[in-house]
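The values are calculated or read from the model by the stated rules, or taken from the named source; none is laboratory data. This structure is a prediction, so every number in the text was calculated from the model and none was measured. Reconstructed Cβ throughout: ideal geometry from the backbone, glycine too, with neighbour counts over all protein chains shown.
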Amino acid sequence: MRYGSIAIALLCLFSTNSFANLKVITPSEEATLKEIEQQYNIDSQLITVNDKFSQLNKRYYDLQELKDSITANQVAYDDLIAQLPNKILAKTNMAQFYSQIEANINSTANLTQKTKIDAAAIERQRVIVQQEYEIVEEQRLDRSQQLFKLKTDIINRLLADLSKSSSKLKVDLDGSTQCSKFQSISDCLKKSKSEILSSTRSESPFLNDKSVLLSYEVTDASMNMTGDLRYKVAMNFKPSYNSKIDTVINEKLGLRSAMITLVSNVAADWYINGVKVGTGTKIFHEVPLGKHGILASYQNSDKSSIEKIEGNGVFSYKFEHVKANKQLVSKNNSVELLPPALPVKTQAKTKTTANSSETKKPKAKFTLLADNTTIPTPSKATKNKADKEQAYEYFIGIPATTNQQNAEFSTEQLRQ
């Protein structure tokens, strides 16, 4: 900040006991917070249930593969049945053909039975995992309720303390600033006062821009020959409850939420604490601070972890060797399909048409750059002569049909 031509750099150094007379959270309240955290074993339970959910998700994909196999068998069965009339008429290898149909039917029956058994087992496991997640969420809810109760107690204590007429916030400040070596200590400190007060108000959770300054005293100050000023200031403010105190309490008790970004190289299904929150390569979700189970699922692969959310963050899960990538590469590298071969007659017709087009194609014309003395080519004169002769074709060899035409023809002959 500059005052005229004087550059002032303000460094506010608060001592460790600057706000010792007022605390947002007392030692007894911190002990209560620790008891609440130890009462619930949420972290270990969350790790266990998240692993179970990952296994359950894999079994879902295995079940889907069984269903796909049944569908493929059904297609093969329909193809065999379509061939059956021709096989009966041909009367060749009938035993082998019937054996193929029988094997297909038995395979489909076995797969169908296994699908039913696995689906029932998966449903039972899903219910168990869901119940365990609900237990974790109930404990999380109970813990949150106790934390909110503790927050209410803290706020009530602070309001009672801050509302007392004797309530004061004493701030002892050690600082330094750069003054002009031609400036007095008193003048430099006067110009620095507004910066000192502004920094003090922004530093303390009990103060804001509207906090009342009760006293301000410079207890010590010294300046060297280059203008470096060191000082000690004692201040007293009237503290008040404000939004900064509420922010400090929420952060300390873990009652704040954060926005997390979930990123993957494929369009994965995203789950937080067993609840699906979206599908895609990049999604956003708001969660309360604390530990959460995050799982990304794509095809038959899962990526999961237990993350301690302390603020906004990005969590990335990369999938390798997935089926979709192989299919995508195969599709992207495919050669462009050529048009189907034409019948022989069509080919001959096309060839004839092409030759005809080549025959009718005009020859290339070449343009020569010439000066003004270039002699015109005789082709134009020949063409004009032909045009002139064609102008008299009307009178050559055509008998007159009327007297007027006879007179005109006779007159024309006389002119020639």
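Does segment 163-177 contain any residue that is among the aliphatic types (A, V, I, L, M), under 23 Å from residue 241 (Cβ atoms) and without any contact (Cβ under 8 Å) to a residue 12 or more places away in the chain?
There is no residue in segment 163-177 that is among the aliphatic types (A, V, I, L, M), under 23 Å from residue 241 (Cβ atoms) and without any contact (Cβ under 8 Å) to a residue 12 or more places away in the chain.
If I ask for residues that are buried (at least 19 other Cβ atoms within 10 Å of the Cβ) and farther than 14 Å from residue 185 by Cβ, which ones from segment 221-234 would you list? Can you show your working first?
From segment 221-234, those buried (at least 19 other Cβ atoms within 10 Å of the Cβ) are 223, 229, 231, 233; that's our starting set.
None - no residue of segment 221-234 is buried (at least 19 other Cβ atoms within 10 Å of the Cβ) and farther than 14 Å from residue 185 by Cβ, so the list stays empty.
Please verify whether residue 106 is surrounded by 14 or more Cβ atoms within 10 Å (Cβ to Cβ), among the polar types (S, T, N, Q) and out of contact with any helix residue (DSSP H, G or I) (no Cβ under 9 Å at 6 or more places or on another chain), treating the condition exactly as stated. Talk me through it step by step, then tell me what you get.
On the way: surrounded by 14 or more Cβ atoms within 10 Å (Cβ to Cβ): no; among the polar types (S, T, N, Q): yes; out of contact with any helix residue (DSSP H, G or I) (no Cβ under 9 Å at 6 or more places or on another chain): yes.
No; evaluated as a whole, the condition is false for this residue.
What do you reckon, is residue 218 surrounded by 16 or more Cβ atoms within 10 Å (Cβ to Cβ) and β-branched (Val, Ile, Thr)?
Values: surrounded by 16 or more Cβ atoms within 10 Å (Cβ to Cβ): yes; β-branched (Val, Ile, Thr): yes.
Answer is yes for this residue.
Just the residues that are within 19 Å of the chain's Cα centre (by Cα) and closer than 24 Å to residue 66 by Cβ, please, taken from segment 268-301.
Filtering segment 268-301 for residues within 19 Å of the chain's Cα centre (by Cα) gives 268-272, 276-287, 294-298.
Of everything in segment 268-301, those that are within 19 Å of the chain's Cα centre (by Cα) and closer than 24 Å to residue 66 by Cβ turn out to be 268, 269, 271, 276, 279, 295, 296, 297, 298.
Which residues, taken from segment 28-43, are closer than 18 Å to residue 308 by Cα and loosely packed, with under 12 Cβ neighbours inside 10 Å?
If the condition is that a residue be closer than 18 Å to residue 308 by Cα and loosely packed, with under 12 Cβ neighbours inside 10 Å, then 34, 38, 41 are the ones that fit.
Checking the structure you have, find out if any residue of segment 174-181 is among the acidic types (Asp, Glu), part of a strand (DSSP E or B) and over 33 Å from the mean Cα position of the chain (by Cα).
Start the filter on segment 174-181 by keeping residues that are among the acidic types (Asp, Glu), which leaves 174.
Subsequent filtering for residues that are part of a strand (DSSP E or B) retains 174.
Retained after the next criterion (residues that are over 33 Å from the mean Cα position of the chain (by Cα)): 174.
Looking through segment 174-181, at least one residue is among the acidic types (Asp, Glu), part of a strand (DSSP E or B) and over 33 Å from the mean Cα position of the chain (by Cα).
Looking only at segment 196-207, which residues are buried (at least 17 other Cβ atoms within 10 Å of the Cβ), in a helix (DSSP H, G or I) and not polar (S, T, N, Q)?
Across segment 196-207, the qualifying residues are 196, 197, 201.
Before we move on, is residue 342 farther than 17 Å from residue 264 by Cβ and at pLDDT below 85?
Here the answer is yes, as residue 342 does meet what is asked.
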